[in-house]
Amino acid sequence: MHNFDINLENLTKMEGHANLDVSVKNGKVEFVKLKITENQRFYEQSVVGQSIFTAPQLMSRICGTCSIAHLTCCIEAAENALGIEPTVQSQIMKKLAIYGLMIRDHALHLYFFSLPDLVGKDSILDFDESDKREHKLLHDSFDVKRAGNMLSTLIAGRAVHAPFPAVGGFLKVPDADGIAKTIQELQKARPLAIDLIETFHTWDEKFERETDFVGLATKDYSFLDGEIKSSRGVCIREKDYLEHLINIVIPYSQASGFEFEGQEFMVGALARLNLNKYNLHSDTKRDASKYLKNFPSNNIFFNNVAQAIEILHCIDHSLELLQNTKFVKEDLQHKEITEDRTGVGVIEAPRGTLYYKLTVGKSGKIKKANVVVPTAQNQINIEMDIAKLVQDNLDKMPKEKIEFEIEKLIRAYDPCMSCASHFLKVKWNL
Amino acid sequence: MQECDVVIVGCGPAGLSAAIFCGRANLKTVVIGLPQKSQVQMAMHIENYFGFPEGVDGPVLIKKGIEQAENVGVTIIVDEVVAANVKNDEKNYFVLKSSDGQEFVCHALLIATGTPIKLSGIKGEDRFTGKGITYCVSCDGPLYKNKKIAVVGNGNHAAESALEALSYTKDISIIGNAKGFTFSSDYKNELEKNGIKLVPENVKEFKGENFLKSIILWEGTEMVFDGVFMASGIVSALDFAANLGLEIKNNILVTDENNMTSLQGVFAAGNCEGRCRQIAKNVGDGCNAAINVIRYLRSKELYFDYVHEAKASDNVINNNDFVKKIFDVKDKKKKVRIGWFSFSCCEDSTIIFTEMFNDHYDKWKDILDIRYIRAMKKNNDMKNLDIAFVEGAISNSKYEEELKEIRNNCKLLIAIGSCAIIGMPSGQRNEFDDEKKKEICSILEQFSYRKDVVPLHDVVKVDDVVPGCPMAEASFLAVLNKHLKEFGIDA
């Protein structure tokens, strides 16, 4: 009978800090505890009392890697609270800003965090430049990330804590020279993205467990607007999200967990592809058709393939938008606040659905804030997957190999502990 | 046959110290030796070597020395030299042969073979080495303060050890040689004057359980001691040196003030050259010998010209210029060891840093040895860093301890971004009103947070900062390049 404990301290190649404890007694997994050890920074409390117009820049500081997602979602919630209808150009620019984020963030995860597992090296820094394949992958990573960075910088002013997006519009619009250079970088990155899809598609890794996939199903796969759908057939409006998400307090973790409709679920690229692949850009559907046949899928490692396909989609749609939009300077929209108002923002961040709910008072100051981040939504699903992975492999591999398999599985989720830890349990009484 | 500028024979403190200097001066350097046979390797714990207040284990010191030498391009061959010959042509050179048949050709030879201890072969010696039996009075004498000790051996070496032990205890016996001792008359008088007991009997066995307790003499007597110092004779590892016709006196090599032996191009350092048998002295010896090796090769135009920056034609060099020159030589192999750490923050600067690889990888791969970056690798090592970059504020005592550990393991600590420099925005809770504090207090208690979130400089000394939220790329590059220069790298 197997009896052992697994204690993984400081999981690596992911955003933020987490530990993992697994206990196996008499051949059965007794518990799995994914302990998010990031200290909370209490942004939901900090933002209370701040102006609704400065709140998005503050909330951007929740997370370095997906700051543009927090910025965009907070702006959306603020605009909804204020009753501001974004202009068509503003929506296009929000999409482009998110596309820049997705390209860079997914590429960071795929090339820097997951690819070393695939190649059998500890780090991308260990890749052998005299090996043709490793040399290509290493330098592809720089070119693809650079393209994402350039797009974010062109539209939002910077890839991290971007200064241009604001409540009511954008402070600056892209210039023709910048657009031309960015188009060039995106075109250069496109074939590399297709190679990346192929690389992860051929990775012989599989872990399946039936679960629910949840995400925002946008009509143009732009991550911004739509209805929240689940693979079990639930379809809800953005503003009703709190009626379907149940906050689970996890005593050993500094992050809350969530259930959707009373069950564990997964959000992220795999969920989006499973729910919404038909709305990908037509060029992406054409060039990735061979890979798209694999979706919907329960294989968590296909989250990597899904992210690579999303990079391609972001490149394709960005090229179309940049080539066909005439950007003109627009004034920021503004609305007077005459009463307490609540607004909801829901977007797809790189790791899954991100929810913001803000209440603003007559003074223009935030009175209440609620944020639900993707990794917190995935936490229970990750733990249940690990339990199955360990149980399934008890008789097949030694403990050390199981530990490595667990780390690979967690990395496939692309968790972000920096985001996950900064929220108290939901206390929303509106 | 391998060509190199210098072969160093011996893999102890003198040899490795010399190797580090030769490697850094871009001499093609090969060390041949058996580190496992170094006397330091047998030292369980060294407490009198500079820079290690807690002491350091002998094997650890040797391991680190090898690592440091390899980091500057030195080749370490774990083997014995079995033959050495001089070839006299227009440029003198030496041919050495190792036991596995490899041949090495060099223009300078540095002998740092030490004085490997000849084990007595007495029953129990192996078992109690480091557990009551030691080989160096100056190293281990303090462990036996006012205790009863024996020096096992014969001749002046045993007498010298016994007299040295007087600094620690008066109860000293020399045991050895049933045929009588062979001390010189000076030593004999000193031993007598200081009441050192002489036991002219051979030792049969060392006894004890976990630690040495007694000595059994051949005639059967059991003598109880707290500790034993072996001074049963030292075999020189200079056998091969005899082939070269080097002058040897009292079992040590005769050298001049430049560490050169009687044969031009052959140098010696460490115990094989005599004087006190201490690691500190031997490390210094290695350094001195190496500088003289470098000077010799360059002034005689004898080195294999691997270094373009220091041409042999520059051989009219006065001492100061010369020393400056060898330290200024641009070492293409040298890398600065860096670590990247994060505490309470959004890791925005970590993201900026990873993105900077897009444009700086080709340069950084040659000059940065990234030893610790949790975001990018699993096998991380925070020991002996040149520069630690630290992002984030300190919000609990665990982070505080980790930060102190980083500080203890780096030469420079650089605070990255606003949270590390001013504690904000991570420290917003410091400013919360009572109502907000009440909301968060259960979390603070449950996970043992600090009362306040503080910037790094409240906990440790910070040497430099890169401001911004996130850090600005240009500021980071400026700070990085400034400090790389201090480590001799012109980025």
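Looking at the range B:287-309, can you tell me whether even one residue there is over 30 Å from B:Leu253 (Cβ atoms) and either more than 14 Å from chain A (Cβ to nearest Cβ) or at pLDDT 70 or above (or both)? Yes: the range B:287-309 contains one or more residues that are over 30 Å from B:Leu253 (Cβ atoms) and either more than 14 Å from chain A (Cβ to nearest Cβ) or at pLDDT 70 or above (or both). Output the residues belonging to the range B:396-419 that are more than 21 Å from B:Ser448 (Cβ to Cβ) and either in the same structural domain as B:Glu54 (by TED's automatic domain parsing) or out of contact with any Lys or Arg (no Cβ under 8 Å at 6 or more places or on another chain) (or both). Passing the criteria: B:Asn408, B:Cys410, B:Lys411, B:Leu412, B:Ile414, B:Ala415, B:Ile416, B:Gly417, B:Ser418.
Yes/no per residue for (1) of a type in the set (D, E, K, R); (2) part of a loop (DSSP other than H, G, I, E, B); (3) closer than 22 Å to B:Gly130 by Cβ; (4) without any contact (Cβ under 8 Å) to a residue 12 or more places away in the chain:
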residue	(1), (2), (3), (4)
B:Gly51	no, yes, no, yes
B:Glu54	yes, yes, yes, yes
B:Val60	no, no, yes, yes
B:Gln68	no, no, no, no
B:Ile76	no, no, no, no
B:Asn85	no, no, no, no
B:Lys97	yes, no, no, no
B:Asp100	yes, yes, no, no
B:Leu109	no, no, no, no
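Being farther than 16 Å from A:Glu79 by Cα and either in contact (Cβ under 8 Å) with a residue 12 or more places away in the chain or touching a strand residue (DSSP E or B) at 6+ places or on another chain (Cβ under 9 Å) (or both) is a property that does not hold for A:Asn370.
Which of the following residues is touching a residue at least 12 places away in the same chain (Cβ under 8 Å), buried (at least 18 other Cβ atoms within 10 Å of the Cβ), within 14 Å of chain B (Cβ to nearest Cβ) and under 18 Å from the mean Cα position of the chain (by Cα): A:Leu138, A:Leu151?
On the way: A:Leu138 fails: under 18 Å from the mean Cα position of the chain (by Cα).
Residue meeting the stated conditions: A:Leu151.
Somewhere in the range A:4-14, is a residue touching a residue at least 12 places away in the same chain (Cβ under 8 Å), closer than 23 Å to A:Leu71 by Cβ, surrounded by 15 or more Cβ atoms within 10 Å (Cβ to Cβ) and within 13 Å of chain B (Cβ to nearest Cβ)? So far as the range A:4-14 goes, yes, one or more of its residues are touching a residue at least 12 places away in the same chain (Cβ under 8 Å), closer than 23 Å to A:Leu71 by Cβ, surrounded by 15 or more Cβ atoms within 10 Å (Cβ to Cβ) and within 13 Å of chain B (Cβ to nearest Cβ).
Residue by residue, here is whether (1) more than 11 Å from chain B (Cβ to nearest Cβ); (2) closer than 26 Å to A:Ala269 by Cα; (3) without any contact (Cβ under 8 Å) to a residue 60 or more places away in the chain; (4) surrounded by fewer than 24 Cβ atoms within 10 Å (Cβ to Cβ) holds:
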residue	(1), (2), (3), (4)
A:Pro56	yes, yes, no, no
A:Ile84	yes, no, no, yes
A:Thr87	yes, no, no, yes
A:Phe113	no, yes, no, yes
A:Leu118	yes, yes, no, yes
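Within the range A:246-259, does at least one residue satisfy the condition of being aromatic (Phe, Trp, Tyr), in the same structural domain as A:Phe200 (by TED's automatic domain parsing) and within 19 Å of A:Arg209 (Cβ to Cβ)? Yes. Of the residues making up the range B:338-359, those that are part of a helix (DSSP H, G or I), out of contact with any Asp or Glu (no Cβ under 7 Å at 6 or more places or on another chain) and facing another protein chain (nearest Cβ under 9 Å) number 7. Within the range B:416-443, the residues that satisfy the criterion of being facing chain A (nearest Cβ under 9 Å) and of a type in the set (A, V, I, L, M) are B:Ile440, B:Ile443. Say whether the condition of being more than 27 Å from A:Ile103 (Cα to Cα) and hydrophobic (A, V, I, L, M, F, W, C) is met by at least one residue in the range A:344-357. Looking for residues that are more than 27 Å from A:Ile103 (Cα to Cα) and hydrophobic (A, V, I, L, M, F, W, C), one finds none in the range A:344-357, hence no. One residue is enough: does the range B:383-398 have a residue meeting the conditions touching a helix residue (DSSP H, G or I) at 6+ places or on another chain (Cβ under 7 Å), in a helix (DSSP H, G or I) and within 8 Å of chain A (Cβ to nearest Cβ)? Looking for residues that are touching a helix residue (DSSP H, G or I) at 6+ places or on another chain (Cβ under 7 Å), in a helix (DSSP H, G or I) and within 8 Å of chain A (Cβ to nearest Cβ), one finds none in the range B:383-398, hence no.
The lone criterion from (1) at the interface with another protein chain (Cβ under 7 Å from one of its Cβ atoms); (2) farther than 20 Å from B:Leu456 by Cβ; (3) at pLDDT below 95 left unmet by B:Asp362 is number (1). Scan the range B:170-186 for residues that are buried (at least 16 other Cβ atoms within 10 Å of the Cβ) and of a type in the set (Gly, Ala, Ser) and report the count. The number of residues fulfilling the criteria is 2. Considering the range A:221-277, the qualifying strands (runs of 3 or more DSSP E), each wholly inside and each with 2 or more residues that are within 17 Å of the chain's Cα centre (by Cα), run over A:227-230, A:257-260. Counting residues in the range A:206-218 that are in contact (Cβ under 8 Å) with a residue 60 or more places away in the chain and either of a type in the set (Phe, Trp, Tyr) or not assigned by TED's automatic domain parsing to the domain that holds A:Ile380 (or both) gives one or more.
Pairs meeting the criteria (first residue in the range B:399-410 and within 14 Å of chain A (Cβ to nearest Cβ), second residue part of a helix (DSSP H, G or I), beta carbons under 7 Å, at least 6 apart or on different chains) are B:Leu403/B:Leu456.
Okay, residues lined up against (1) more than 9 Å from every other protein chain (Cβ to nearest Cβ); (2) out of contact with any Pro (no Cβ under 9 Å at 6 or more places or on another chain); (3) in contact (Cβ under 8 Å) with a residue 24 or more places away in the chain; (4) surrounded by fewer than 22 Cβ atoms within 10 Å (Cβ to Cβ):
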site	(1), (2), (3), (4)
A:His2	yes, yes, yes, yes
A:His17	no, yes, yes, no
A:Lys25	yes, yes, no, yes
A:Leu34	yes, no, yes, no
A:Asn39	no, yes, yes, no
A:Ile62	no, yes, yes, no
A:Ala69	yes, no, yes, no
A:Met93	yes, no, yes, no
A:His109	yes, no, yes, no
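Starting from residues that are over 49 Å from the mean Cα position of the chain (by Cα) and of a type outside the set (D, E, K, R), keep the ones in the range B:419-440 and report whichever is modelled with the lowest pLDDT. The qualifying residue modelled with the lowest pLDDT is B:Ile440.
In the set (1) part of a helix (DSSP H, G or I); (2) more than 13 Å from chain B (Cβ to nearest Cβ), A:Lys188 fails one condition alone, (2).
The values are calculated or read from the model by the stated rules, or taken from the named source; none is laboratory data. Values in this document were obtained by computation on a predicted structure and should not be read as measured data. Because the Cβ atoms are built from the backbone with ideal geometry, glycine has one as well, and the counts that use them run over all protein chains shown.
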